[in-house]
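Trainee: Can you read through this structure? Questions will come right after.
No lab work stands behind these numbers, since they all come straight from the coordinates. Fair warning: this is a prediction, and the values are worked out from it, not measured in the lab. Virtual Cβ from ideal backbone geometry, glycine too; neighbours counted across all protein chains shown.
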Ligand code: G6P
């Protein structure tokens, strides 16, 4: 069936808005009742390492997941972009799984990385949106992300659904490796089940984001900062923005600010800080204050507690509902996507077909 915009101006807007529903579908599939629905062959018990390989937005999903596999399951985790991984000829422990994340399942570099791993690891796992794709067919295990057809070149709903599948994998790894008590598992599952509702709250920020975007669209450069699993989200926020608005944007680990990017800060540079009120919040706030001391324009994206304690001196804030710590990136992806979308709209660029980019890159 042909996919239509269903009343939205752009596929990207439709796909952003669909996230509560498609994430709900993926939740119903992977976490039915109180069970983790993943193949038995995905047994993480004795693994020495997990390797995650992807390109673009899918790589940032892997980068977030690394924090989960390490923290929740104590599983050493390596991540790489496929174009580097394949030529590096990395040694791989025999007791390891290699995971390939790809919306299309056809990205040439990711497919080549999969072929490299096939003979070298215990199991290859595909996390894909297109279930019939090459990467799905050539992997030992294929896990569909169930996002539905994604048309917009800038990936949105595929990203959050990739994160959900990776989060469920991390929970299974935590159980297999004896790191998660039944109570801790139940709390994580409950947290994931709340996400679609929280996403609806995030989507309702669109009008506010539209206003901020008018000012962001005047900027030459924009920085995104995050710590912990919010760091890869800062990278994804910057990627999304540059892809469709053509404004130069960079994501940085908040703690790295003083090692370089702080040199760029002046009144004209918006700095978007992704910082839920978690155990790293105070650290990020001190980086944010370094920006404000140099007259940077801070947009703080946080929850009620974070905004109440740290918004003084900021240019603007966006308030999200509170979300249990490890899974905040799944929610915070939405304001990042909306900021990119509305900034592109303010600039009048072609949101669904940005210049020079392709939805699926099947050549090197
Ligand atoms: C292209 C797309 C990106 C996507 C990347 C990886 O660059 O424009 O949105 O993240 O390819 O694609 P894949 O299909 O492997 O996820």
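Trainee: GNM, the chain, Cα, under 10 Å: largest mean-square fluctuation among 198, 300, 331?
Mentor: 198
Trainee: If you rank 16, 272, 262 by fewest surrounding Cβ atoms within 10 Å, what's the result?
Mentor: Sorted ascending by nearby Cβ count, the order is 262, 16, 272.
Trainee: While we're looking at this one, here's another question. Treating the angle as unsigned and between 0 and 90°, give the value, to the nearest 10°, between the Cα long axis of helix 19-30 and the longest Cα principal axis of the chain.
Mentor: On a 0 to 90 degree scale, this one is about 20.
Trainee: OK, next. Hey, with R₀ at 25 Å, roughly what FRET efficiency would residue 21 and residue 204 work out to, going by the Cβ-Cβ distance, to 0.05?
Mentor: Values: r = 15 Å, r/R0 = 0.61.
FRET efficiency, residue 21 to residue 204: 0.95.
Trainee: Taking N as the number of residues in segment 264-326, what is its Cα Rg relative to 2.2 N^0.38 Å?
Mentor: Cα-based Rg divided by the globular estimate yields 1.06.
Trainee: Here is a follow-up. Got a sec? How would 315, 68 order by Cβ neighbour count within 10 Å, fewest to most?
Mentor: 315, 68
Trainee: Given Cα pairs under 8 Å that are at least 6 residues apart, what percent is the relative contact order of the chain?
Mentor: 19
Trainee: Further question: Mind jotting down a quarter of the surface of the convex hull over the alpha carbons of segment 97-191, in square nanometres, one decimal?
Mentor: 6.8
Trainee: Taking every alpha carbon pair in segment 305-364, what does the distance histogram look like in 5 angstrom bins from 0, in percent?
Mentor: All Cα pairs, binned at 5 Å, distribute as 4, 12, 16, 17, 17, 13, 11, 7, 3, 1 percent.
Trainee: Output needed: percent of Cα pairs per 20 Å distance bin for the chain, bins running from 0 to the one holding the longest distance.
Mentor: Here the calculated profile for the chain is 31, 59, 9.
Trainee: Under 10 Å, Cα contacts only: if you run a Gaussian network model on the chain, which one of 309, 102, 63 comes out with the highest mean-square fluctuation?
Mentor: 309
Trainee: Using alpha carbons only, what's the Rg to Rh ratio of segment 32-143 with Rh from Kirkwood?
Mentor: Answer for segment 32-143: 0.94.
Trainee: How far is helix 230-245 tilted off the main Cα axis of the chain, in degrees rounded to 10, range 0 to 90?
Mentor: Here the helix axis deviates by roughly 70 degrees.
Trainee: Return 259, 248, 342, 277 ranked ascending by Cβ neighbour count within 10 Å, so the fewest neighbours appear first. All intermediate terms of the calculation are to be shown ahead of the outcome.
Mentor: Numbers: 259 10, 248 14, 342 24, 277 21.
Ascending Cβ contact count within 10 Å gives the list 259, 248, 277, 342.
Trainee: Against the longest principal axis of the chain, how steep is helix 157-176, in degrees 0 to 90 to the nearest 10, with axes from Cα atoms?
Mentor: For 157-176 against the chain, the angle is about 50 degrees.
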